[in-house]
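One structure is given below, encoded as C-alpha coordinates.
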Amino acid sequence: MSRIISLRKAILSGSKNASSVVKESLEKVSKDSNLNCWINIYGKEALEKASEIDEKIKKGEDPGRLCGIPVAVKDNMLVRGMKTTNASRMLNEYISPYTATAVEKMQAAGAIIIGKTNMDEFAMGSSGETSAFGATRNPIDTARSPGGSSSGSAACVSADHVPAALGSDTGGSIRQPAAFCGIVGMKPTYGIVSRYGISPFSSSLDQVGPIASTVLDAAIILEIIAGYDRRDSTSIKKEVPGYAETINDSIQGVKIGIPAEYMQDGTDPPVRDSVLAASELLEKMGAKIKEVSLPLTKYAVSVYYIIAPAEASANLARLDGIRYGLSADSGKDFISDVTASRTEAFGIEVKRRIMLGTYVLSSGYYEDYYIKAQKARTLIKNEFMEVFKDVDLIFAPTSPTTAFKLGEKTGDILKMYLSDVFTISANLAGIPALNLPVGRDSKNLPVGAQFMGNYLSEKLIFRTAHALEKELSSSEKQ
Ligand code: GLN
(Lines give C-alpha, C1' and ligand atoms only; values in the text may rest on other atoms or scores of the structure.)
Protein backbone atom coordinates (compact mmCIF):
# COMPACT_ATOMS: atom_id res chain seq x y z
CA MET A 1 0.00 0.00 0.00
CA SER A 2 1.29 3.40 -0.88
CA ARG A 3 1.73 5.72 2.11
CA ILE A 4 1.61 8.73 -0.20
CA ILE A 5 -1.63 7.71 -1.90
CA SER A 6 -3.41 6.90 1.37
CA LEU A 7 -2.31 10.19 2.98
CA ARG A 8 -3.33 12.09 -0.14
CA LYS A 9 -6.76 10.45 -0.08
CA ALA A 10 -7.20 11.28 3.60
CA ILE A 11 -6.20 14.92 3.07
CA LEU A 12 -8.35 15.42 -0.03
CA SER A 13 -11.40 13.71 1.50
CA GLY A 14 -11.13 15.87 4.61
CA SER A 15 -10.72 12.95 7.01
CA LYS A 16 -7.35 14.57 7.84
CA ASN A 17 -5.95 17.95 6.95
CA ALA A 18 -2.43 18.89 5.94
CA SER A 19 -1.92 20.79 9.20
CA SER A 20 -2.72 17.77 11.36
CA VAL A 21 -0.55 15.49 9.21
CA VAL A 22 2.40 17.86 9.54
CA LYS A 23 1.82 18.26 13.28
CA GLU A 24 1.79 14.48 13.73
CA SER A 25 5.01 14.22 11.77
CA LEU A 26 6.69 16.92 13.90
CA GLU A 27 5.60 15.14 17.08
CA LYS A 28 7.22 11.89 15.92
CA VAL A 29 10.38 13.82 15.06
CA SER A 30 10.69 15.29 18.53
CA LYS A 31 9.85 12.01 20.24
CA ASP A 32 12.67 10.26 18.33
CA SER A 33 15.38 12.88 18.87
CA ASN A 34 17.74 10.09 20.05
CA LEU A 35 17.98 8.87 16.45
CA ASN A 36 19.71 12.14 15.50
CA CYS A 37 18.36 11.89 11.97
CA TRP A 38 17.68 15.60 11.50
CA ILE A 39 20.11 18.52 11.45
CA ASN A 40 17.62 21.39 11.18
CA ILE A 41 13.85 21.24 11.58
CA TYR A 42 11.60 23.92 10.12
CA GLY A 43 8.39 23.22 12.03
CA LYS A 44 6.91 26.72 12.00
CA GLU A 45 7.44 27.15 8.25
CA ALA A 46 6.07 23.64 7.61
CA LEU A 47 2.88 24.39 9.56
CA GLU A 48 2.44 27.66 7.66
CA LYS A 49 2.76 25.83 4.34
CA ALA A 50 0.30 23.18 5.56
CA SER A 51 -2.34 25.75 6.33
CA GLU A 52 -1.81 27.26 2.85
CA ILE A 53 -2.52 23.81 1.39
CA ASP A 54 -5.60 23.41 3.59
CA GLU A 55 -6.84 26.80 2.34
CA LYS A 56 -6.29 25.73 -1.27
CA ILE A 57 -8.29 22.56 -0.71
CA LYS A 58 -11.12 24.53 0.91
CA LYS A 59 -11.23 26.85 -2.09
CA GLY A 60 -11.36 23.88 -4.45
CA GLU A 61 -7.92 24.67 -5.95
CA ASP A 62 -5.52 21.90 -6.98
CA PRO A 63 -3.13 21.31 -4.05
CA GLY A 64 -0.77 19.17 -6.17
CA ARG A 65 0.05 15.49 -6.25
CA LEU A 66 1.78 15.61 -2.85
CA CYS A 67 -0.89 17.94 -1.33
CA GLY A 68 0.52 18.65 2.12
CA ILE A 69 2.54 15.46 2.57
CA PRO A 70 5.55 15.99 4.85
CA VAL A 71 8.93 15.07 3.37
CA ALA A 72 12.61 15.19 4.32
CA VAL A 73 15.52 16.59 2.35
CA LYS A 74 19.14 15.51 2.75
CA ASP A 75 21.26 18.39 3.97
CA ASN A 76 23.32 18.61 0.78
CA MET A 77 20.36 20.05 -1.17
CA LEU A 78 19.59 23.74 -1.23
CA VAL A 79 16.21 24.98 -0.03
CA ARG A 80 15.98 28.74 -0.19
CA GLY A 81 16.10 30.31 3.27
CA MET A 82 17.04 27.04 4.99
CA LYS A 83 20.53 26.07 6.11
CA THR A 84 22.47 23.59 3.97
CA THR A 85 25.28 22.38 6.21
CA ASN A 86 26.36 19.19 4.44
CA ALA A 87 26.82 17.99 8.03
CA SER A 88 30.03 19.99 8.13
CA ARG A 89 31.38 22.64 10.48
CA MET A 90 32.46 24.38 7.27
CA LEU A 91 28.87 25.24 6.29
CA ASN A 92 27.25 25.31 9.71
CA GLU A 93 25.96 28.84 9.12
CA TYR A 94 25.36 28.63 5.37
CA ILE A 95 21.87 29.68 4.27
CA SER A 96 20.73 28.48 0.84
CA PRO A 97 20.30 31.40 -1.60
CA TYR A 98 18.06 29.38 -3.94
CA THR A 99 16.31 26.01 -4.16
CA ALA A 100 17.58 22.86 -5.90
CA THR A 101 15.47 21.83 -8.91
CA ALA A 102 14.52 18.46 -7.41
CA VAL A 103 13.32 20.13 -4.22
CA GLU A 104 11.53 22.86 -6.15
CA LYS A 105 9.59 20.18 -8.03
CA MET A 106 8.59 18.50 -4.76
CA GLN A 107 7.38 21.83 -3.40
CA ALA A 108 5.50 22.60 -6.62
CA ALA A 109 3.69 19.27 -6.18
CA GLY A 110 2.57 20.38 -2.71
CA ALA A 111 5.12 18.52 -0.55
CA ILE A 112 6.00 20.12 2.77
CA ILE A 113 9.62 20.09 3.85
CA ILE A 114 9.86 19.36 7.55
CA GLY A 115 13.60 19.78 7.69
CA LYS A 116 17.04 18.77 6.51
CA THR A 117 18.46 15.37 7.40
CA ASN A 118 21.74 14.27 8.92
CA MET A 119 24.32 12.67 6.65
CA ASP A 120 27.98 11.82 6.40
CA GLU A 121 29.99 15.04 6.00
CA PHE A 122 29.75 16.12 2.35
CA ALA A 123 28.20 12.68 1.65
CA MET A 124 31.54 10.95 2.30
CA GLY A 125 30.91 7.82 4.29
CA SER A 126 28.94 4.60 4.49
CA SER A 127 27.68 4.72 8.07
CA GLY A 128 26.42 8.21 8.91
CA GLU A 129 29.30 8.54 11.39
CA THR A 130 31.37 11.22 9.65
CA SER A 131 28.75 13.92 10.33
CA ALA A 132 29.98 16.90 12.34
CA PHE A 133 26.66 16.68 14.20
CA GLY A 134 27.17 13.14 15.47
CA ALA A 135 26.13 9.76 14.13
CA THR A 136 22.58 8.92 13.09
CA ARG A 137 21.12 5.82 14.75
CA ASN A 138 19.30 3.00 13.00
CA PRO A 139 15.66 2.99 14.20
CA ILE A 140 15.54 -0.81 13.94
CA ASP A 141 18.45 -1.21 16.38
CA THR A 142 19.81 2.03 17.79
CA ALA A 143 23.22 0.51 18.54
CA ARG A 144 23.67 0.08 14.80
CA SER A 145 24.41 2.33 11.84
CA PRO A 146 21.55 3.23 9.51
CA GLY A 147 24.09 3.21 6.65
CA GLY A 148 25.30 6.26 4.80
CA SER A 149 25.70 8.73 3.54
CA SER A 150 21.96 9.48 3.41
CA SER A 151 21.71 8.22 6.99
CA GLY A 152 19.08 10.68 8.23
CA SER A 153 16.85 10.45 5.16
CA ALA A 154 16.72 6.66 5.49
CA ALA A 155 16.31 6.65 9.28
CA CYS A 156 13.46 9.18 9.28
CA VAL A 157 11.50 7.26 6.65
CA SER A 158 12.13 3.96 8.45
CA ALA A 159 10.98 5.54 11.74
CA ASP A 160 7.89 6.83 9.91
CA HIS A 161 8.53 10.52 10.60
CA VAL A 162 7.72 11.16 6.93
CA PRO A 163 6.58 8.86 4.11
CA ALA A 164 9.37 9.92 1.75
CA ALA A 165 12.71 11.69 1.60
CA LEU A 166 15.26 12.79 -0.94
CA GLY A 167 18.73 11.31 -0.80
CA SER A 168 21.79 11.41 -3.03
CA ASP A 169 23.79 8.45 -4.26
CA THR A 170 27.39 8.83 -5.42
CA GLY A 171 28.50 5.32 -4.56
CA GLY A 172 25.49 3.78 -2.85
CA SER A 173 24.32 6.45 -0.42
CA ILE A 174 20.63 5.96 -1.16
CA ARG A 175 20.56 2.20 -1.60
CA GLN A 176 22.81 1.05 1.26
CA PRO A 177 21.05 3.10 4.00
CA ALA A 178 17.70 1.99 2.55
CA ALA A 179 18.96 -1.62 2.83
CA PHE A 180 20.13 -1.15 6.45
CA CYS A 181 16.84 0.51 7.43
CA GLY A 182 14.49 -1.92 5.63
CA ILE A 183 12.99 0.52 3.13
CA VAL A 184 13.09 1.35 -0.59
CA GLY A 185 15.72 3.61 -2.17
CA MET A 186 16.28 4.34 -5.84
CA LYS A 187 19.34 5.70 -7.62
CA PRO A 188 18.10 6.68 -11.07
CA THR A 189 20.00 6.73 -14.36
CA TYR A 190 22.68 9.44 -14.29
CA GLY A 191 21.22 12.61 -15.76
CA ILE A 192 17.49 12.11 -15.24
CA VAL A 193 17.28 14.12 -12.02
CA SER A 194 18.81 17.57 -12.08
CA ARG A 195 21.87 18.17 -9.90
CA TYR A 196 21.26 21.90 -9.88
CA GLY A 197 21.38 23.09 -6.27
CA ILE A 198 22.91 19.86 -4.94
CA SER A 199 26.31 20.27 -3.27
CA PRO A 200 28.63 18.43 -5.62
CA PHE A 201 30.68 15.56 -4.21
CA SER A 202 31.75 13.64 -7.32
CA SER A 203 29.88 15.29 -10.16
CA SER A 204 30.16 12.43 -12.65
CA LEU A 205 28.70 9.98 -10.11
CA ASP A 206 26.19 12.00 -8.01
CA GLN A 207 22.47 11.34 -8.52
CA VAL A 208 19.48 12.43 -6.46
CA GLY A 209 16.71 9.93 -5.82
CA PRO A 210 13.80 8.93 -3.60
CA ILE A 211 13.82 7.06 -0.31
CA ALA A 212 10.37 5.76 0.63
CA SER A 213 8.61 2.94 2.42
CA THR A 214 7.18 1.34 -0.73
CA VAL A 215 8.20 0.90 -4.36
CA LEU A 216 5.12 2.75 -5.57
CA ASP A 217 5.96 5.75 -3.36
CA ALA A 218 9.50 5.82 -4.73
CA ALA A 219 8.08 5.69 -8.28
CA ILE A 220 5.72 8.59 -7.56
CA ILE A 221 8.53 10.74 -6.13
CA LEU A 222 10.86 9.97 -9.05
CA GLU A 223 8.15 10.93 -11.55
CA ILE A 224 7.92 14.27 -9.78
CA ILE A 225 11.62 15.09 -9.48
CA ALA A 226 12.91 13.71 -12.83
CA GLY A 227 13.07 15.64 -16.09
CA TYR A 228 15.26 17.87 -18.20
CA ASP A 229 16.77 20.96 -16.56
CA ARG A 230 18.75 23.41 -18.65
CA ARG A 231 20.59 24.50 -15.48
CA ASP A 232 22.35 21.12 -15.29
CA SER A 233 24.56 20.45 -18.31
CA THR A 234 24.42 16.69 -17.71
CA SER A 235 20.63 16.61 -17.66
CA ILE A 236 19.04 14.20 -20.19
CA LYS A 237 16.54 15.73 -22.63
CA LYS A 238 13.79 13.11 -22.44
CA GLU A 239 10.16 12.92 -21.40
CA VAL A 240 9.68 11.33 -17.97
CA PRO A 241 7.61 8.16 -18.45
CA GLY A 242 4.78 7.36 -16.03
CA TYR A 243 6.56 4.95 -13.70
CA ALA A 244 3.51 4.41 -11.49
CA GLU A 245 1.13 3.82 -14.40
CA THR A 246 2.61 0.45 -15.43
CA ILE A 247 3.78 -0.67 -12.02
CA ASN A 248 1.15 -3.42 -11.77
CA ASP A 249 1.94 -4.99 -15.16
CA SER A 250 3.07 -8.60 -15.22
CA ILE A 251 6.74 -9.56 -15.03
CA GLN A 252 6.17 -12.70 -17.07
CA GLY A 253 9.26 -13.44 -19.16
CA VAL A 254 11.49 -10.72 -17.65
CA LYS A 255 15.05 -12.04 -17.78
CA ILE A 256 16.95 -11.52 -14.53
CA GLY A 257 20.62 -12.26 -13.95
CA ILE A 258 22.19 -13.00 -10.57
CA PRO A 259 25.89 -12.08 -10.66
CA ALA A 260 28.03 -14.88 -9.21
CA GLU A 261 30.56 -12.37 -7.83
CA TYR A 262 27.95 -10.85 -5.51
CA MET A 263 27.02 -14.21 -3.99
CA GLN A 264 30.41 -15.52 -2.90
CA ASP A 265 32.16 -15.94 0.45
CA GLY A 266 32.51 -12.21 1.12
CA THR A 267 28.73 -11.93 1.34
CA ASP A 268 27.16 -12.97 4.65
CA PRO A 269 25.15 -16.22 4.34
CA PRO A 270 21.86 -14.71 5.60
CA VAL A 271 22.14 -12.02 2.91
CA ARG A 272 22.77 -14.63 0.23
CA ASP A 273 19.90 -16.79 1.51
CA SER A 274 17.38 -13.93 1.42
CA VAL A 275 18.44 -12.91 -2.09
CA LEU A 276 18.18 -16.49 -3.32
CA ALA A 277 14.77 -16.95 -1.72
CA ALA A 278 13.58 -13.72 -3.36
CA SER A 279 14.91 -14.88 -6.73
CA GLU A 280 12.86 -18.06 -6.36
CA LEU A 281 9.76 -15.94 -5.82
CA LEU A 282 10.61 -13.95 -8.96
CA GLU A 283 10.85 -17.19 -10.89
CA LYS A 284 7.51 -18.33 -9.50
CA MET A 285 5.99 -15.10 -10.83
CA GLY A 286 7.20 -15.84 -14.35
CA ALA A 287 10.63 -14.18 -14.48
CA LYS A 288 13.50 -16.13 -16.04
CA ILE A 289 16.44 -16.34 -13.64
CA LYS A 290 20.00 -17.15 -14.68
CA GLU A 291 23.48 -16.73 -13.30
CA VAL A 292 25.60 -14.01 -14.90
CA SER A 293 29.14 -12.85 -14.28
CA LEU A 294 30.59 -9.40 -13.58
CA PRO A 295 34.26 -10.26 -12.97
CA LEU A 296 35.38 -6.61 -12.90
CA THR A 297 33.36 -6.03 -9.70
CA LYS A 298 36.56 -6.64 -7.74
CA TYR A 299 38.10 -3.45 -9.19
CA ALA A 300 35.13 -1.21 -8.51
CA VAL A 301 36.21 -0.07 -5.03
CA SER A 302 39.72 0.88 -6.24
CA VAL A 303 38.37 2.73 -9.26
CA TYR A 304 35.72 4.58 -7.25
CA TYR A 305 38.13 5.63 -4.49
CA ILE A 306 40.33 7.30 -7.12
CA ILE A 307 37.64 9.00 -9.22
CA ALA A 308 35.36 10.15 -6.38
CA PRO A 309 38.12 11.75 -4.26
CA ALA A 310 39.66 13.34 -7.40
CA GLU A 311 36.39 15.08 -8.26
CA ALA A 312 35.69 15.85 -4.60
CA SER A 313 39.03 17.57 -4.13
CA ALA A 314 38.24 19.86 -7.07
CA ASN A 315 34.64 20.47 -5.95
CA LEU A 316 35.60 21.29 -2.37
CA ALA A 317 38.33 23.75 -3.40
CA ARG A 318 35.76 26.57 -3.30
CA LEU A 319 35.26 26.02 0.43
CA ASP A 320 38.14 28.23 1.49
CA GLY A 321 36.60 30.31 4.26
CA ILE A 322 36.53 33.29 1.91
CA ARG A 323 34.06 32.50 -0.86
CA TYR A 324 32.20 30.05 1.34
CA GLY A 325 32.27 28.66 4.82
CA LEU A 326 33.80 29.02 8.22
CA SER A 327 36.45 31.69 8.20
CA ALA A 328 39.40 31.28 10.55
CA ASP A 329 41.81 34.12 11.18
CA SER A 330 45.39 32.91 11.34
CA GLY A 331 46.63 36.41 12.10
CA LYS A 332 49.06 35.93 9.21
CA ASP A 333 48.58 36.03 5.44
CA PHE A 334 45.84 34.92 3.01
CA ILE A 335 47.16 31.39 2.43
CA SER A 336 47.47 30.79 6.16
CA ASP A 337 43.87 31.95 6.63
CA VAL A 338 42.64 29.46 4.01
CA THR A 339 44.70 26.69 5.60
CA ALA A 340 43.42 27.54 9.07
CA SER A 341 39.80 27.60 7.87
CA ARG A 342 40.01 24.24 6.14
CA THR A 343 41.97 22.66 8.99
CA GLU A 344 39.38 23.77 11.52
CA ALA A 345 36.23 23.19 9.49
CA PHE A 346 36.68 19.85 7.73
CA GLY A 347 36.44 16.49 9.47
CA ILE A 348 38.98 13.71 9.09
CA GLU A 349 37.21 11.79 6.29
CA VAL A 350 36.82 14.89 4.14
CA LYS A 351 40.49 15.74 4.65
CA ARG A 352 41.46 12.19 3.71
CA ARG A 353 39.45 12.43 0.47
CA ILE A 354 40.97 15.81 -0.42
CA MET A 355 44.48 14.47 0.10
CA LEU A 356 43.74 11.31 -1.88
CA GLY A 357 42.14 13.35 -4.66
CA THR A 358 44.87 15.92 -5.01
CA TYR A 359 47.46 13.13 -4.95
CA VAL A 360 45.90 11.14 -7.81
CA LEU A 361 45.48 14.34 -9.85
CA SER A 362 49.01 15.60 -9.31
CA SER A 363 51.43 15.57 -12.20
CA GLY A 364 53.40 12.37 -12.31
CA TYR A 365 50.57 10.37 -10.73
CA TYR A 366 47.71 11.56 -12.92
CA GLU A 367 48.43 9.01 -15.68
CA ASP A 368 49.15 6.18 -13.25
CA TYR A 369 46.02 6.61 -11.16
CA TYR A 370 43.38 8.94 -12.52
CA ILE A 371 43.63 8.06 -16.23
CA LYS A 372 43.94 4.37 -15.43
CA ALA A 373 40.85 4.54 -13.19
CA GLN A 374 38.89 6.25 -15.97
CA LYS A 375 39.86 3.46 -18.37
CA ALA A 376 38.83 0.82 -15.85
CA ARG A 377 35.54 2.70 -15.36
CA THR A 378 34.80 2.30 -19.08
CA LEU A 379 35.55 -1.41 -18.85
CA ILE A 380 33.16 -1.77 -15.91
CA LYS A 381 30.45 0.04 -17.87
CA ASN A 382 31.08 -2.14 -20.95
CA GLU A 383 30.85 -5.26 -18.82
CA PHE A 384 27.36 -4.22 -17.70
CA MET A 385 26.36 -3.52 -21.32
CA GLU A 386 27.47 -7.03 -22.31
CA VAL A 387 25.39 -8.58 -19.53
CA PHE A 388 22.37 -6.48 -20.52
CA LYS A 389 22.50 -8.08 -23.99
CA ASP A 390 21.58 -11.27 -22.21
CA VAL A 391 19.27 -10.21 -19.35
CA ASP A 392 16.86 -7.34 -18.70
CA LEU A 393 17.79 -6.78 -15.07
CA ILE A 394 20.43 -7.77 -12.56
CA PHE A 395 19.37 -8.81 -9.05
CA ALA A 396 21.97 -8.84 -6.27
CA PRO A 397 22.63 -7.99 -2.63
CA THR A 398 22.88 -4.24 -1.98
CA SER A 399 25.48 -4.74 0.75
CA PRO A 400 27.49 -7.80 1.79
CA THR A 401 26.19 -7.46 5.35
CA THR A 402 23.18 -6.19 7.26
CA ALA A 403 23.51 -3.04 9.40
CA PHE A 404 26.79 -3.08 11.31
CA LYS A 405 27.31 -1.64 14.79
CA LEU A 406 28.16 2.03 15.25
CA GLY A 407 31.92 2.26 15.71
CA GLU A 408 32.49 -1.19 14.19
CA LYS A 409 34.31 0.04 11.09
CA THR A 410 35.49 3.56 12.00
CA GLY A 411 38.90 2.28 13.08
CA ASP A 412 39.54 0.48 9.80
CA ILE A 413 38.83 2.74 6.87
CA LEU A 414 39.57 0.06 4.29
CA LYS A 415 36.86 -2.14 5.78
CA MET A 416 34.47 0.81 5.55
CA TYR A 417 35.37 1.42 1.87
CA LEU A 418 35.03 -2.28 1.05
CA SER A 419 31.48 -2.31 2.41
CA ASP A 420 30.51 -0.29 -0.71
CA VAL A 421 31.63 -3.08 -3.05
CA PHE A 422 28.16 -3.86 -4.44
CA THR A 423 26.76 -0.37 -4.85
CA ILE A 424 29.47 1.66 -6.55
CA SER A 425 29.55 -0.17 -9.90
CA ALA A 426 26.10 1.19 -10.79
CA ASN A 427 27.39 4.75 -10.21
CA LEU A 428 30.54 4.14 -12.24
CA ALA A 429 28.37 2.88 -15.11
CA GLY A 430 25.62 5.48 -14.58
CA ILE A 431 22.86 2.86 -14.58
CA PRO A 432 19.72 2.87 -12.37
CA ALA A 433 19.46 0.66 -9.28
CA LEU A 434 16.80 0.22 -6.60
CA ASN A 435 17.04 -1.31 -3.13
CA LEU A 436 14.16 -3.45 -1.93
CA PRO A 437 13.96 -5.09 1.51
CA VAL A 438 13.85 -8.85 0.85
CA GLY A 439 14.24 -10.50 4.24
CA ARG A 440 15.65 -10.42 7.75
CA ASP A 441 18.71 -12.07 9.29
CA SER A 442 18.73 -13.97 12.60
CA LYS A 443 18.99 -10.66 14.54
CA ASN A 444 15.91 -9.47 12.71
CA LEU A 445 17.93 -6.89 10.77
CA PRO A 446 16.68 -6.13 7.26
CA VAL A 447 18.40 -7.57 4.19
CA GLY A 448 18.29 -5.40 1.07
CA ALA A 449 18.62 -6.50 -2.55
CA GLN A 450 18.99 -4.30 -5.57
CA PHE A 451 17.62 -4.43 -9.08
CA MET A 452 20.04 -2.86 -11.56
CA GLY A 453 18.96 -2.15 -15.12
CA ASN A 454 20.21 -0.65 -18.36
CA TYR A 455 20.05 3.13 -18.91
CA LEU A 456 16.53 4.53 -18.51
CA SER A 457 15.04 1.18 -17.49
CA GLU A 458 13.40 2.69 -14.38
CA LYS A 459 9.96 1.60 -15.52
CA LEU A 460 10.95 -2.06 -15.66
CA ILE A 461 12.83 -1.81 -12.36
CA PHE A 462 9.82 -0.33 -10.56
CA ARG A 463 7.45 -2.89 -12.05
CA THR A 464 9.62 -5.86 -11.13
CA ALA A 465 10.44 -4.56 -7.65
CA HIS A 466 6.76 -3.82 -7.01
CA ALA A 467 5.76 -7.34 -8.05
CA LEU A 468 8.36 -8.85 -5.72
CA GLU A 469 7.38 -6.52 -2.88
CA LYS A 470 3.75 -7.65 -3.17
CA GLU A 471 4.71 -11.32 -3.31
CA LEU A 472 7.03 -10.96 -0.29
CA SER A 473 4.37 -9.30 1.79
CA SER A 474 1.77 -11.90 0.94
CA SER A 475 4.16 -14.78 1.69
CA GLU A 476 5.01 -13.06 5.02
CA LYS A 477 1.32 -12.98 5.93
CA GLN A 478 0.88 -16.72 5.26
N1 GLN B 1 30.12 5.33 0.83
C2 GLN B 1 30.57 5.95 -0.38
C3 GLN B 1 31.60 7.00 -0.05
O4 GLN B 1 31.94 7.12 1.08
C5 GLN B 1 29.41 6.51 -1.14
C6 GLN B 1 28.92 7.80 -0.67
C7 GLN B 1 27.78 8.35 -1.48
O8 GLN B 1 27.14 7.65 -2.27
N9 GLN B 1 27.55 9.63 -1.30
O10 GLN B 1 32.08 7.69 -0.87
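Can you find a residue that is part of a loop (DSSP other than H, G, I, E, B), within 26 Å of Gly128 (Cβ to Cβ) and touching a strand residue (DSSP E or B) at 6+ places or on another chain (Cβ under 6 Å) anywhere in region 39-59? It would help to see each step written out before you state the result.
Kept after step one, since they are part of a loop (DSSP other than H, G, I, E, B), are these residues of region 39-59: 42, 59.
Next cut, within 26 Å of Gly128 (Cβ to Cβ) only: 42.
Among the residues that remain, those that are also touching a strand residue (DSSP E or B) at 6+ places or on another chain (Cβ under 6 Å) are: 42.
The answer is yes, given that some residue of region 39-59 is part of a loop (DSSP other than H, G, I, E, B), within 26 Å of Gly128 (Cβ to Cβ) and touching a strand residue (DSSP E or B) at 6+ places or on another chain (Cβ under 6 Å).
Go through Asp217, Asp232 for me and flag whichever is buried (at least 20 other Cβ atoms within 10 Å of the Cβ), touching a residue at least 24 places away in the same chain (Cβ under 8 Å) and under 20 Å from Met106 (Cβ atoms).
Working: Asp232 fails: buried (at least 20 other Cβ atoms within 10 Å of the Cβ).
Sole residue among the options that is buried (at least 20 other Cβ atoms within 10 Å of the Cβ), touching a residue at least 24 places away in the same chain (Cβ under 8 Å) and under 20 Å from Met106 (Cβ atoms): Asp217.
Select from region 19-38 the residues that are part of a helix (DSSP H, G or I) and open to solvent by less than 40 Å² (accessible area, probe 1.4 Å) and write down the one among them that is nearest to Asn118 (Cα to Cα). Even if it seems obvious, please write down each step before you answer.
Step one: of region 19-38, the residues part of a helix (DSSP H, G or I) are 19-31, 33-35.
Now narrow it down to the ones that are open to solvent by less than 40 Å² (accessible area, probe 1.4 Å): 19, 21-22, 25-26, 29, 35.
On the way: Ser19: 25, Val21: 22, Val22: 20, Ser25: 17, Leu26: 16, Val29: 13, Leu35: 10 Å.
Restricting to residues being part of a helix (DSSP H, G or I) and open to solvent by less than 40 Å² (accessible area, probe 1.4 Å), the top hit is Leu35.
So, Gly172, is that one in a loop (DSSP other than H, G, I, E, B), open to solvent by less than 10 Å² (accessible area, probe 1.4 Å) and away from the ligand (no atom under 16 Å from the Cβ) or not? Give the steps one after another, and end with the answer.
Values: in a loop (DSSP other than H, G, I, E, B): yes; open to solvent by less than 10 Å² (accessible area, probe 1.4 Å): yes; away from the ligand (no atom under 16 Å from the Cβ): no.
It is false that Gly172 is in a loop (DSSP other than H, G, I, E, B), open to solvent by less than 10 Å² (accessible area, probe 1.4 Å) and away from the ligand (no atom under 16 Å from the Cβ).
Got at least one residue in region 60-74 being closer than 30 Å to Ala312 by Cβ, in a loop (DSSP other than H, G, I, E, B) and in contact (Cβ under 8 Å) with a residue 60 or more places away in the chain? It would help to see each step written out before you state the result.
Here is the first cut: in region 60-74, the ones closer than 30 Å to Ala312 by Cβ are 71-74.
Then keep just the ones that are in a loop (DSSP other than H, G, I, E, B); that gives none.
Checked region 60-74: no residue is closer than 30 Å to Ala312 by Cβ, in a loop (DSSP other than H, G, I, E, B) and in contact (Cβ under 8 Å) with a residue 60 or more places away in the chain.
Taking region 389-406 as the region of interest, how many residues are in a helix (DSSP H, G or I) and crowded, with 20+ Cβ neighbours inside 10 Å?
Taking region 389-406 and keeping what is in a helix (DSSP H, G or I), we get 389-390.
Next, from what is left, pick out any that are crowded, with 20+ Cβ neighbours inside 10 Å: none.
Counting residues in region 389-406 that are in a helix (DSSP H, G or I) and crowded, with 20+ Cβ neighbours inside 10 Å gives 0.
Here's a check for you: in region 49-106, which residue that is open to solvent by 10 Å² or more (accessible area, probe 1.4 Å) and among the acidic types (Asp, Glu) is nearest to Arg231 (Cα to Cα)?
So, considering only residues that are open to solvent by 10 Å² or more (accessible area, probe 1.4 Å) and among the acidic types (Asp, Glu), the one nearest to Arg231 (Cα to Cα) is Glu104.
Could you run through region 175-199 and say how many residues are farther than 19 Å from Ala226 by Cβ and within 13 Å of the ligand (Cβ to nearest atom)? Steps first, answer last, please.
Narrowing region 175-199 to residues farther than 19 Å from Ala226 by Cβ: 176-177, 179-183, 199.
Next, only the ones that are within 13 Å of the ligand (Cβ to nearest atom) stay: 176-177, 179-180, 199.
The total comes to 5.
Can you say whether Ala287 is over 21 Å from Asn427 (Cα atoms), in contact with a helix residue (DSSP H, G or I) (Cβ under 6 Å, 6 or more places away or on another chain) and hydrophobic (A, V, I, L, M, F, W, C), as far as the supplied structure shows? Working first, answer last.
Working: over 21 Å from Asn427 (Cα atoms): yes; in contact with a helix residue (DSSP H, G or I) (Cβ under 6 Å, 6 or more places away or on another chain): no; hydrophobic (A, V, I, L, M, F, W, C): yes.
So Ala287 fails the test.
Of the numbered conditions (1) more than 12 Å from the chain's Cα centre (by Cα); (2) within 16 Å of the ligand (Cβ to nearest atom), Ser158 satisfies every one except a single condition; which is it?
(2)
Among the residues of region 400-457, write down those that are within 16 Å of the ligand (Cβ to nearest atom), within 19 Å of Gln264 (Cβ to Cβ) and either touching a Leu at 6+ places or on another chain (Cβ under 9 Å) or among the hydroxyl-bearing types (Ser, Thr, Tyr) (or both).
Pro400, Thr401, Tyr417, Ser419, Thr423, Ile424, Ser425, Gly448, Gln450, Met452
So which of Gly167, Gly128 is within 16 Å of the ligand (Cβ to nearest atom), within 15 Å of Ile198 (Cα to Cα) and small (Gly, Ala, Ser)?
On the way: Gly128 fails: within 15 Å of Ile198 (Cα to Cα).
It is Gly167.
From the list Ala143, Ala212, exactly one residue is away from the ligand (no atom under 13 Å from the Cβ), open to solvent by less than 20 Å² (accessible area, probe 1.4 Å) and touching a residue at least 24 places away in the same chain (Cβ under 8 Å). Which is it?
Details: Ala143 fails: open to solvent by less than 20 Å² (accessible area, probe 1.4 Å).
Exactly one residue qualifies, and that residue is Ala212.
Any idea which residue in region 288-312 is nearest to Ile251 (Cα to Cα), counting only those that are of a type in the set (Ser, Thr, Tyr) and surrounded by fewer than 19 Cβ atoms within 10 Å (Cβ to Cβ)?
At the first step, the residues of region 288-312 found to be of a type in the set (Ser, Thr, Tyr) are 293, 297, 299, 302, 304-305.
Next, from what is left, pick out any that are surrounded by fewer than 19 Cβ atoms within 10 Å (Cβ to Cβ): 293, 299, 302.
Numbers: Ser293: 23, Tyr299: 32, Ser302: 36 Å.
By that ranking, first place goes to Ser293.
Being in contact (Cβ under 8 Å) with a residue 12 or more places away in the chain, closer than 30 Å to Phe395 by Cα and open to solvent by less than 30 Å² (accessible area, probe 1.4 Å): is that true of Val360 here?
Numbers: in contact (Cβ under 8 Å) with a residue 12 or more places away in the chain: yes; closer than 30 Å to Phe395 by Cα: no; open to solvent by less than 30 Å² (accessible area, probe 1.4 Å): yes.
In short, no.
With the checklist (1) in a loop (DSSP other than H, G, I, E, B); (2) under 15 Å from the mean Cα position of the chain (by Cα) in hand, flag the one item Lys409 doesn't pass.
It fails just one condition, (2).
The values are calculated or read from the model by the stated rules, or taken from the named source; none is laboratory data. Keep in mind the model is a prediction, meaning the values are calculated, not measured. Using ideal geometry, Cβ is built from the backbone for each residue, glycine included, and neighbour counts are taken over all protein chains shown. The area values use the complete protein model at the heavy-atom level, side chains included, leaving out ligands, DNA and RNA. Shrake-Rupley method; radii C 1.70, N 1.55, O 1.52, S 1.80 Å.
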